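A short write-up of the structure that comes next.
None of the figures in this text is laboratory data; all of them are computed from the coordinates on show. These numbers come from a predicted model, not from an experiment.
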Amino acid sequence: MSVTDPTRYDPDRSQLAELLEGEPAYRIEQAWDGLYRQGRPLEEVTGLPAALRSRLAEALPTALELAVEQRTDDGATTKWLWRLRDGAAVETVLMHYPDRTTVCVSTQAGCAMACGFCATGQAGFERHLGVGEIVEQVVRARWAAGDRRVSNVVFMGMGEPLANLDATWGAVTRLHDDVGIGARHLTVSTVGLVPGIRRLAAAELPVGLAVSLHAADDDLRDELVPINRRYPLAELLDACEEYRRRTRRRISLEWALIDGVNDRWVDADGLAVIARRLAAHVNLIPLNPTPGYEVVGSSRNRVHAFRERVAGAGVTVTIRDTRGRDIDAACGQLRAGSASSGTGAGVPVDLQRPDRTRRDPT
Ligand code: SAH
């Protein structure tokens, strides 16, 4: 099967009608409703005749086959490693908070941005995901969430969403129009691809934008986020200002705190200047250790002191809780740890932690 063959969540309404040619219009609506509003596995979409269900299943196979499922944080975090139809692997994370439920989706298998501290970046780029492969991650997570309604989707999984903007945008509109998630509850995270930020600024839906800043001067950022050599800070910040002006949305700046690298006062002060200029919110992420990067995350004390320093300059700043750390659930590590991913990065996670992991029985 080629990666361009449509999967279950690829077609729009009219393409679905074409695929189900001969069926009455109300059946098409019923199928659409089953796929998106109910979001059930096809076998459970009651009301659809069995013949139609099997016609659908054959024309539109699911994109994602479960490879590994892990649960942690007392059941508040679930992470899936999916096998795509061509064998590529991507991750999705579902996180319940007291006030919201968030799904974190991947937009590419691998990533070409090569940020040294990121597990996905270390493994390199495999391919873009299609709209259906992104949307299905949300539908499957939503089904697993049961009564806890999925309120937010963040494009912060594997890959660089703005390097795959057409599919990312296709997924954004599908999630907005058909899954029913408001633009305020959709957030796209980027390393800072300036043309993509400008395209998003001009788009119809004002989604949230998170920018992975990590450094406030070009020398350090060139090292941590190599794409900075192509789109240096001055250009990036201009694009962010345009985004803010046109969408009227507050940008978040992401900052993974790395011991002795970007957690000095000079870094905090540089970050505060940028955050004030953009009226941005700052999200500090204690660095998750990854196998391919020697430097470690800042200590707890340092993270808090850094926060105080930035907050003292009049910036709103939060520390992101690192969900699922004990199950390698952060930042591409599930795939990196899976023997079948082809990265050769160690034994499968489910062998490391048999108590928390199960493999799909199929
Ligand atoms: N490519 C996009 C989205 C995916 S990464 C982007 O870079 O924004 C989502 C966030 O996790 C980014 O802010 C990224 O820099 C951060 N991240 C990657 N590896 C990390 C690690 N080991 N520890 C903490 N944060 C990490």
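Taking the DSSP bridge list for the chain and keeping only pairs wholly inside it, about 55 percent are antiparallel.
Using the Karplus relation 6.51 cos²θ - 1.76 cosθ + 1.60 with θ = phi - 60°, the per-residue 3J(HN,Hα) values for the range 79-88 come to 10, 10, 9, 9, 9, 7, 5, 9, x, 5 Hz, with x marking Gly and Pro. Using the Karplus relation 6.51 cos²θ - 1.76 cosθ + 1.60 with θ = phi - 60°, the per-residue 3J(HN,Hα) values for the range 305-319 come to 5, 4, 4, 4, 4, 5, 4, x, 8, x, 10, 7, 9, 10, 9 Hz, with x marking Gly and Pro. Taken as Cα centroids, the range 59-118 and the range 245-302 sit 24 Å apart, rounded to the nearest whole angstrom.
Just so you know, the Rg over Rh for the chain is 0.98, from Cα atoms, with Rh as the Kirkwood radius.
Using every pair of distinct Cα positions in the range 37-80, the Kirkwood expression returns a hydrodynamic radius of 12.8 angstrom.
Per-residue Karplus couplings for the range 203-212, computed as 6.51 cos²θ - 1.76 cosθ + 1.60 with θ equal to phi - 60°, are listed in order as 6, 6, 9, x, 6, x, 10, 10, 10, 7 Hz, Gly and Pro entered as x.
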